[in-house]
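Working notes, structure below.
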Amino acid sequence: MGFFCGGLVGHALTMNELLRDRKMTPKRFANHFESFRFDDRFVFDVQDPHQFLSQRKGDCIDYAVLADHVLTHHGYTTRLIRVEMVGIDAGHAVCYVDDDRVYLDYNNRKYFFNLKRSGPSIRQVAKKIAASFEANWTFAQEFAFDYDSFNKRVIYTVVKIEPPSSDPDVIARKESS
């Protein structure tokens, strides 16, 4: 007996399969992960993608970074967003897809509606994520991750108590207009 993943029985999903899938969409990506288990190890490092895929176990950052990598490869414009919340031991990371105005959330991978709609600003995404946890967010960051070097880099930070007009992503959009 094998497990079911991506339409194949007894077959572990691989990075090459995800990258070569010519029909890849955010929804199709999310559907591959509904049987993955949550890893509550609370490590702040991103897991090697091959380990994540073969063990079928990881956390929100493993999933978000992999989604960002795969969907960007397929031509989507994506952003990684991490939200810190009051009362939550660890923050939460998602992959936002600008093209579809949705984010992929590892906590929603088992549901039919596994993509969450949101406006594009970091603040809008942070509000939606915090609401899903029934928590209050304090700050959120857009960040980048590189699998070659395993380095994370913060791009923008939004602090809840600061006025929305000071949000770096809002200012950047105004400057590019």
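The values are calculated or read from the model by the stated rules, or taken from the named source; none is laboratory data. What you see is a predicted model, and the numbers here were worked out from it, not measured in a lab. Counting neighbours? That spans all protein chains shown, and the Cβs are built from the backbone with ideal geometry, glycine included. Heads up: the accessible areas ignore ligands, DNA and RNA and are worked out on the full protein's heavy atoms, side chains in. Shrake-Rupley method; radii C 1.70, N 1.55, O 1.52, S 1.80 Å.
Odds and ends about this structure:
- Between R123, R79, R28, the residue with the greatest mean-square fluctuation in the GNM of the chain (Cα pairs under 10 Å linked by springs) is R28.
- Computed about the Cα centre, the dipole magnitude for the chain is approximately 560 debye when only Lys and Arg (+1) and Asp and Glu (-1) carry charge, each at its Cβ.
- Whether region 72-177 is rounded, prolate or oblate, judged on the alpha carbon gyration tensor where a/c under 1.5 counts as rounded: rounded
- Rounded to the nearest 10 degrees, the inclination of helix 122-132 to the longest alpha-carbon principal axis of the chain is 60 degrees.
- Dipole magnitude (debye, nearest 20) for region 87-166, charges at Cβ of Lys, Arg, Asp, Glu: 260
- Taking only alpha carbon atoms, the chain gives an Rg to Rh ratio of 0.97, where Rh is the Kirkwood radius.
- Surface composition of region 66-135: carbon plus sulfur atoms hold 49% of the accessible area, using a 1.4 angstrom probe and ignoring ligands, DNA and RNA.
- Here region 19-97 is treated as a sphere whose radius is the Kirkwood value from Cα pairs; by Stokes-Einstein at 20 °C and 1.002 mPa s it diffuses with a coefficient of 162 µm²/s.
- Beta bridges per DSSP, both residues in the chain: antiparallel share near 95 percent.
- Nearest-ten-degree value, helix 60-73 long axis tilted from longest Cα axis of the chain: 80
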